[in-house]
Amino acid sequence: MDHKKASFSISLLVITVLFIIAGYFFVSFETKKIENELHNTLMHATEVLLAALNPERVERFEGSLADLNSPDYIRVKDQTSKLGKIFVENSVASFYIMRKTNKGVVFLVDSIVPGSEDYSPPGELYIKPSAEIFSVFDDGVPKLVGPYTDEYGTFVSYFAPIRNFSSNKIIGVVGTDIDYNAYVASVRKEQISNFLTLFVIYLFFVGIIFFFEKRSEAQKMLRENEERLRVITETTPDAVIMMDEKGIISFWNQAAETLTGYTREEAISKNLHELISPQGLYDIENSKNLHEFMATGKSPILNTIVTIKIKTKEGKEKDVELSTNSLRMKKRWYAIGALRDVSQKKENEDKLKEKTDELEKLNKFMINREQKMIELKAEIEKLKGGKGEIVE
């Protein structure tokens, strides 16, 4: 048992270490995958807005509150607002367009609803722009930035230049933000989901190991019990036979071979009563006792000792004492019988009965003779009138 516990502990330790290692790489891989998906979402959303924008409209912006009534501003504002509603399900917080001026970077259009806390009206100065924004204005290369913190919060952003089609001049920069807290929440949500998935798989494998350990232990105990049973049944002088509710033999020990002359291979799967019952003497298959046993496992001969005759392989008949009991396995009834050869005992009993009968007859004869002698003496006495001597 200690060996089994040690084996289970080692198996559990190995699978735990393997799952920790696999879990680390799996969660890291999935985390990187989610990060890449969010980054791709940022870039895709920005590219969609750039494809929808008319650079000439952006170039005509004054960069002040006067733009609010401009048809160009209204058109671009409508485009950014609609895209914001579309991509909000992908964690995109906002779209905005910026211009670089002598004062710094100012907002031209913001997709956020006017009046909201983070809304930036046209011409508002960006107080804490990241260095990458200036880099995009200078070299025109899109940048993925973050996490970084400005006066509006902490974000992961993607910045891309807006160019004039004819001059290729950079006239503005489009910014697309994902709120970093939402970004972290998305990543952690996936991490927790992946961890729970791994934990369930881990429990599944632990359960499998536990199941096979218990199964192995149960099989070992079963083999030990079977070996004990085999030793007991093979060393007992009585023939031990087991049959199902239809009379089919499923167990046949060595003593049964000796008693009947049939080997185990010859007897197993055969009908017991057809094999060893004398013709017409013990046809149990057609009796109501068998039908009752099939249904309930009960029979008048169970838990009793009866003397019956059996037929051996050589065709000889033997007298045996039969004691039976019932056993239910896998929703089926089985009868277990122990048979003991009492042929010699029966022969001795028959001889004893014969001698006893002879002795009883002789005894009756002697008693009758004695009675006859007494009656004869009485008659002689009567004839003599009670005088004289009677010589026997």
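The values are calculated or read from the model by the stated rules, or taken from the named source; none is laboratory data. It should be emphasised that the depicted structure is a prediction, and the values quoted were computed from it without experimental measurement. Please note: Cβ atoms are built from the backbone with ideal geometry, for glycine as well, and neighbour counts cover all protein chains shown.
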Of the residues in the stretch 324-366, those that are touching a Ser or Thr at 6+ places or on another chain (Cβ under 7 Å) and of a type in the set (S, T, N, Q) come to none
Filtering the stretch 150-188 for residues that are without any contact (Cβ under 8 Å) to a residue 24 or more places away in the chain and over 20 Å from Ala45 (Cβ atoms) leaves a count of 5
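Name the residue that is farthest from Arg57 (Cα to Cα), counting only residues in the stretch 154-166 that are in a loop (DSSP other than H, G, I, E, B) and touching a helix residue (DSSP H, G or I) at 6+ places or on another chain (Cβ under 8 Å).
Step by step, filter the stretch 154-166, then rank; the result is Phe165.
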Selection from the stretch 32-71 of residues closer than 17 Å to Lys82 by Cα and not in a helix (DSSP H, G or I) yields Leu53, Asn54
Residue set Ser166, Ser111; condition surrounded by 21 or more Cβ atoms within 10 Å (Cβ to Cβ) and among the polar types (S, T, N, Q); output residue Ser111
When restricted to Lys387, Lys345, Lys382, Lys377, the only residue surrounded by 10 or more Cβ atoms within 10 Å (Cβ to Cβ), basic (Lys, Arg) and either within 60 Å of the chain's Cα centre (by Cα) or at pLDDT below 80 (or both) is Lys345
Within the stretch 317-342, restricting to residues that are of a type in the set (D, E, K, R) and either surrounded by 11 or more Cβ atoms within 10 Å (Cβ to Cβ) or in contact (Cβ under 8 Å) with a residue 12 or more places away in the chain (or both), the one that is nearest to Lys246 (Cα to Cα) is Arg332
Restricting the stretch 63-99 to residues that are among the basic types (Lys, Arg) and without any contact (Cβ under 8 Å) to a residue 60 or more places away in the chain, the one surrounded by the most Cβ atoms within 10 Å (Cβ to Cβ) turns out to be Lys77
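Residue-wise test of (1) in contact (Cβ under 8 Å) with a residue 24 or more places away in the chain; (2) part of a strand (DSSP E or B); (3) over 33 Å from the mean Cα position of the chain (by Cα).
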| site | (1), (2), (3) |
| --- | --- |
| Thr197 | no, no, no |
| Phe205 | yes, no, no |
| Glu224 | no, no, no |
| Lys246 | yes, no, yes |
Among the residues of the stretch 167-192, the number that are hydroxyl-bearing (Ser, Thr, Tyr), more than 19 Å from Ala52 (Cβ to Cβ) and modelled with pLDDT of 80 or more is 2
In the set Arg163, Arg228, the lone residue that is at pLDDT below 80 and either within 30 Å of Lys77 (Cα to Cα) or not assigned by TED's automatic domain parsing to the domain that holds Glu265 (or both) is Arg228
Checking Gly123, Gly104, Gly140, Gly115 in turn, the sole residue that is within 18 Å of Leu49 (Cα to Cα) and over 57 Å from the mean Cα position of the chain (by Cα) turns out to be Gly140
